[in-house]
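Down below is the structure, laid out as structure tokens.
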Amino acid sequence: MPIEQVPFVALGRQYEHFRDEILEAFDRISRSGQYVLSEEVELFESEFATYCNSKYAVSVGNGSDALLLPFLSLGIEEGDEIITAPNSFVASAWTIHRTGAKIVFADVGDDFNLEPDSVRESITSKTKGILAVHLTGRIAQMESLIEIADEYGISVYEDAAQAVGATRNGKKAGSFGKFSAFSLHPLKNLHVHGDGGIITTDDSNLSEHLKKCRNHGLKNRNECEFWGVNTRLDAIQAAIARIKLKHIDTINGRMRSIAQTYRQELCDFVRVPGEHSNEKPVYHRFMIRHERRDSLKDHLAKCGVQSAINYPIPLHLHEAAKELGYQKGDFENAETQAKEIISLPLFSEMEESEIDYVIQSIKSFF
Ligand SMILES: Cc1ncc(COP(=O)(O)O)c(C=O)c1O
């Protein structure tokens, strides 16, 4: 039977796979009456910390809060500057802005991640830290970034929203930074059935502060130590996350294997993402590049292949970024990439026939 459409993702298929376990968890938690900050949440946090080789993990309501809360807890404020990448999702930037600090961008390299030389050039006496985004599930050049940060006495943080389970030189995403932020949004490799996020850190003071901060600043039921916020992971979401976490290496393994097939089959036609022997990206996205990206995207749509652009507008060129004073041309690589990138369908339940159809559809364009 000919393929009519290859979806970009198919969340329902993964649900079918875990349905029995999820329904059992839903029933168990519903009967327990423990819906918020329960033992289930604590279990997920400790299992996630162990998975990332990190000492502590604190869950929150979404991946953006997993960035914002640690910034607030660490005292990032007006007058400070944080350097990050201009080719990320908007949350990497607005969470810096929300602290009162200034967003400073540095350019990215062919790996779609912060270019250490550009980061170095962006450091000023106000710089407090570098927020490295592991875009597409590939870890940034953390050794170089940490070396630069150490030289200037500043911190490195990880926006690991897209990178759960990725490794570089044998180290897991979430184990490099002062803190690391993960998203459990439905489009992420490890996802829940709604919004969710989690922070890892080796800093016990930060972990304790975050636990209060996500829960109104309360130190116990009746006493508020400082004004916090309300951003907590529901027990049911934690239970779903625990079920998926048991299988995340298998899920990521399948993503890596599909990526490898794409790479082998497409490298003569488009620019495919590279992979070095010291790293294991998890391919949250498989992002190819071509000068005629828009025509290619139209062609794929005509073939019934859904695709996406992550992201079409570099952060410094958004209306929201006007006050920062950046211009077109300030970040050459990020801007060129934004015109050339296209993300292909990639999810762990993809059928071989669908993978093949995507490949044939791209080849037919050429
Ligand atoms: C790189 C990056 N940072 C931060 C976020 C924010 O995560 P959330 O959507 O869970 O708030 C996302 C998710 O879209 C992301 O991809």
field: Sites matching GluC sites (Glu not before Pro) across the range 64-119 that sit in DSSP coil, with at most 10 neighbouring C-beta atoms within 10 Å
entry: Glu78
- prompt: Two-decimal Rg/Rh of the range 52-95 from alpha-carbon positions, Kirkwood Rh?
  reply: 0.99
- prompt: What's the Cα-based Rg to Rh of the chain, Rh via Kirkwood?
  reply: 0.97
- request: Could you sort out which of Lys128/Lys188; Lys178/Lys212; Lys302/Lys339 sit more than 24 Å apart by Cα distance in this structure?
  value: Lys128/Lys188
message: Counting other C-beta atoms within 10 Å, and keeping those with at most 15, which DSSP coil GluC sites (Glu not before Pro) do you find in the range 300-359?
response: Glu351
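Over all directions, what mean area does the Cα convex hull of the range 182-270 project, stated in square nanometres?
8.5 nm²
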field: Under-5 Å amide H pairs with Phe105, H placed in peptide plane, nonlocal only
entry: Thr84
- prompt: Are there trypsin sites (Lys or Arg not before Pro) in the range 189-233 that DSSP marks as loop and that have at most 12 other Cβ atoms within 10 Å, and which are they?
  reply: Arg221
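Across every pair of different alpha-carbon atoms, what Kirkwood hydrodynamic radius in Å does the range 247-365 reach?
Evaluated over the range 247-365, this radius sits at 15.6 Å.
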message: Just want the answer: with Cβ charges of +1 for Lys and Arg and -1 for Asp and Glu, which residue in Ile83, Leu69, Tyr35 is farthest toward the dipole's positive end in the chain?
response: Tyr35
- prompt: Mind ordering 144-155, 105-116, 129-140, 171-182 by average Cβ neighbours within 10 Å, highest first?
  reply: 129-140, 171-182, 105-116, 144-155
query: For the range 326-366, what is the Kirkwood hydrodynamic radius in Å, using each pair of distinct C-alpha atoms?
result: 12.8 Å
message: Compute the orientation-averaged projected area for the range 1-123 from the convex hull of its Cα atoms and round it to one decimal in nm².
response: 12.6 nm²
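No lab work stands behind these numbers, since they all come straight from the coordinates. Keep in mind it's a predicted model, so treat the numbers as computed, not measured. Reconstructed Cβ throughout: ideal geometry from the backbone, glycine too, with neighbour counts over all protein chains shown.
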